[in-house]
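Structure first, commentary second.
The values are calculated or read from the model by the stated rules, or taken from the named source; none is laboratory data. What you see is a predicted model, and the numbers here were worked out from it, not measured in a lab. Here the Cβ positions follow ideal geometry from the backbone for every residue, glycine too, while neighbour counts run over all protein chains shown.
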Amino acid sequence: MIDQLYILPILLFSVIIHEIAHGWVALKLGDPTAKMMGRLTLNPVPHIDLVGSIIVPLFSLFAAGSVFIAWAKPVPVDPRNFAHYRRDDMLVSVAGPVSNLVLALVCSITVILLAIANRTVEGMNAPLADESMVFLLRMFYGGIYLNIMLAVFNLLPVPPLDGSHVLASLLPAKAAAVYARIGFAGIFLILFLMRVPVFSDAFQGIIRGLFIPFRALIDHFL
């Protein structure tokens, strides 16, 4: 699946922005932990998780032909600094998926601009420029679907994903504490559910539904 490697740069950038969004919103809500730890940066080094950012995406890419799960190193957040613990924890959690939907919009606009520029490149008779343009178009177009997928995946209400923090904020305190004990074991539950046709079909259906307005935006301008 070497021809699918074009998606990896946008994947790495997307998961980094996802984590920066968590840290930035936490900072605005009174928690400077992520900033103090040097995590509010586009430099990929502090964000890369060997397993989640490299090994898992590459394995899924070569084994299944697509990337459906990836993550960066989670930004440190100290909820004790929040003025309103449950509300602020929910806002910080939602910030990551929202950033992915914003990136999907940015990728859509970039595809439109590249397609318009490509009309000029096509008349230049420059093979290298043509190949570069095709690569960029594939990367950013794939980035739309990828970021929608990251947003939907992270909103699943299974610990330790962002959606679990949202759900925990809505549960009574005792129930939320019990729910949180699932911890990282929730990843194995997700991997199992992804192999259940009803769940995986619903998951993909939501992603395809959210993709429609982005595709309509591109079609409108092109």
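In the set (1) under 24 Å from Val94 (Cβ atoms); (2) in contact with a Gly (Cβ under 9 Å, 6 or more places away or on another chain); (3) buried (at least 17 other Cβ atoms within 10 Å of the Cβ), Ile7 fails one condition alone, (1).
Only one residue in Arg195, Arg119 is assigned to a loop (DSSP other than H, G, I, E, B) and either in contact with a strand residue (DSSP E or B) (Cβ under 9 Å, 6 or more places away or on another chain) or surrounded by fewer than 11 Cβ atoms within 10 Å (Cβ to Cβ) (or both). Which one? Steps first, answer last, please.
Values: Arg119 fails: assigned to a loop (DSSP other than H, G, I, E, B).
From the options Arg195, Arg119, the qualifying one is Arg195.
Considering only residues of segment 160-177 that are in contact with a Leu (Cβ under 9 Å, 6 or more places away or on another chain) and not small (Gly, Ala, Ser), which is surrounded by the fewest Cβ atoms within 10 Å (Cβ to Cβ)? My answer is Val166.
In segment 8-40, what residues are in contact with a Phe, Trp or Tyr (Cβ under 9 Å, 6 or more places away or on another chain) and part of a helix (DSSP H, G or I)? Break it down into steps so the answer makes sense when it comes.
Residues of segment 8-40 in contact with a Phe, Trp or Tyr (Cβ under 9 Å, 6 or more places away or on another chain): 10, 15, 18-19, 26, 29-31, 34-35, 40.
Residues satisfying the conditions are Ile10, Val15, His18, Glu19, Ala26, Ala34, Lys35.
Considering segment 44-94, and only residues there that are farther than 29 Å from Ser169 by Cβ and of a type in the set (S, T, N, Q), the residue that is modelled with the highest pLDDT turns out to be Ser60.
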